[in-house]
Amino acid sequence: MNRRPRPNTNNNTNYNIKGGFWLYGQHAVQAALLNRKRQKMRLVATSDAYETVTSKLEMPLKIGHEIVERPVLDQICGKEAVHQGIALHVMPLGSASIEDMLEREGPILMLDQVTDPRNIGAILRSAVAFGAAGVILQDRHSPDESGVMAKAASGGLDTIPIMRAVNLSRELTKLKEAGLWAVGLDAHGNLLNGADFVKRRVVLVLGAEGAGIRQLTKKNCDEIASLRMTGDIDSLNVSVAGAIALYEITRHFF
């Protein structure tokens, strides 16, 4: 008869590891464990969460793990974090490339100075849900990978290629030269109609809330499009707008 591993009750254990970060949440941890490109250092979980996550893996766990009580996870992730009883210490992923994304099917997203890690995480989640080929971030004005971003992405951080680019306009030009149609999302554009893109592969450009897409990036788009909204609110959170636009662009392909 197999017994559950007993939790570590040693309060002197040091979880403040230098380098990398702790990601948390069952979907985020499971996706990271399955990602061969992710360098994984240490797994800490309650016995229930450990059994739930590892039972879904098709390969044996190859990193050290520790069974703990929930207060230890609160200490590692912060009391406000919804860690679901599990956390994984990892190193950041390397940047993907344009070629990585062009080898895959689906639209590509480009985020122009979107800085909120929760918004980026939510966009990654939508990008996976709607079959996007990758997400491009501006290197200097985007947050580093973090537990907050990974939790919001619900596994998307380790599922879809993510590229960090120094110059978005230059990368946008490369994508257009590869045959993609650049669509910038802006409240003052023409109505976005997914039927227009049945025979086109799209790179969808999203700007930061308030500031929107920068002029240089917007100038390099093939067209500027907006979402149909009938209420008194004239703008949406960037992650919500991105999800709606992705659905509209891809709905004719399903």
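Residues that are farther than 30 Å from GLN84 by Cβ and modelled with pLDDT of 95 or more: does the range 125-135 have at least one? Break it down into steps so the answer makes sense when it comes.
Residues of the range 125-135 farther than 30 Å from GLN84 by Cβ: none.
Within the range 125-135, not a single residue is farther than 30 Å from GLN84 by Cβ and modelled with pLDDT of 95 or more.
Just to confirm my filter: which strands (runs of 3 or more DSSP E) fall fully inside the range 86-177 and include at least 2 residues that are over 15 Å from the mean Cα position of the chain (by Cα)?
Once the strands (runs of 3 or more DSSP E) in the range 86-177 are filtered for at least 2 residues that are over 15 Å from the mean Cα position of the chain (by Cα), what remains is 86-90.
Name the residue, out of GLY20, GLY25, GLY78, that is surrounded by 13 or more Cβ atoms within 10 Å (Cβ to Cβ), more than 30 Å from THR173 (Cα to Cα) and at pLDDT 95 or above.
GLY25
Which of the residues spanning the range 194-208 are touching a residue at least 40 places away in the same chain (Cβ under 8 Å), within 25 Å of the chain's Cα centre (by Cα) and not in a helix (DSSP H, G or I)?
Scanning the range 194-208 gives ARG201, VAL202, VAL203, LEU204, VAL205, LEU206, GLY207, ALA208.
Restricting to the range 143-174, name every residue that is more than 23 Å from ILE249 (Cα to Cα) and either in contact with a helix residue (DSSP H, G or I) (Cβ under 7 Å, 6 or more places away or on another chain) or among the β-branched types (Val, Ile, Thr) (or both).
If the condition is that a residue be more than 23 Å from ILE249 (Cα to Cα) and either in contact with a helix residue (DSSP H, G or I) (Cβ under 7 Å, 6 or more places away or on another chain) or among the β-branched types (Val, Ile, Thr) (or both), then PRO143, GLU145, SER146, GLY147, VAL148, MET149, ALA150, LYS151, ASP158, ALA165, VAL166 are the ones that fit.
Pairs needed: first member in the range 213-231, within 15 Å of VAL202 (Cα to Cα); second member anywhere, at pLDDT below 90 and among the β-branched types (Val, Ile, Thr); C-beta distance under 6 Å; at least 6 residues apart or different chains.
none
Filtering the range 209-238 down to residues that are of a type in the set (Ser, Thr, Tyr) and part of a loop (DSSP other than H, G, I, E, B), which residue is surrounded by the fewest Cβ atoms within 10 Å (Cβ to Cβ)?
Checked the range 209-238; the qualifying residue surrounded by the fewest Cβ atoms within 10 Å (Cβ to Cβ) is THR230.
Being in contact with a Phe, Trp or Tyr (Cβ under 8 Å, 6 or more places away or on another chain) and farther than 15 Å from PHE21 by Cα narrows it down to one residue among HIS83, HIS89, HIS65; which is it?
So the residue among HIS83, HIS89, HIS65 that is in contact with a Phe, Trp or Tyr (Cβ under 8 Å, 6 or more places away or on another chain) and farther than 15 Å from PHE21 by Cα is HIS65.
Taking the options ALA241, ALA245, ALA187, name whichever one is open to solvent by less than 90 Å² (accessible area, probe 1.4 Å), in a strand (DSSP E or B) and under 27 Å from ALA152 (Cα atoms). Before you say what the answer is, go through the steps one by one.
On the way: ALA241 fails: in a strand (DSSP E or B); ALA245 fails: in a strand (DSSP E or B).
On inspection, the qualifying residue turns out to be ALA187.
The values are calculated or read from the model by the stated rules, or taken from the named source; none is laboratory data. Computed from a prediction, not measured in an experiment: that's the story for all the values here. Heads up, the Cβs are rebuilt from the backbone with ideal geometry, glycines too, and the neighbour counts pull from every protein chain shown. These accessible areas exclude ligands, DNA and RNA; they are computed on the full protein's heavy atoms, side chains included. Shrake-Rupley method; radii C 1.70, N 1.55, O 1.52, S 1.80 Å.
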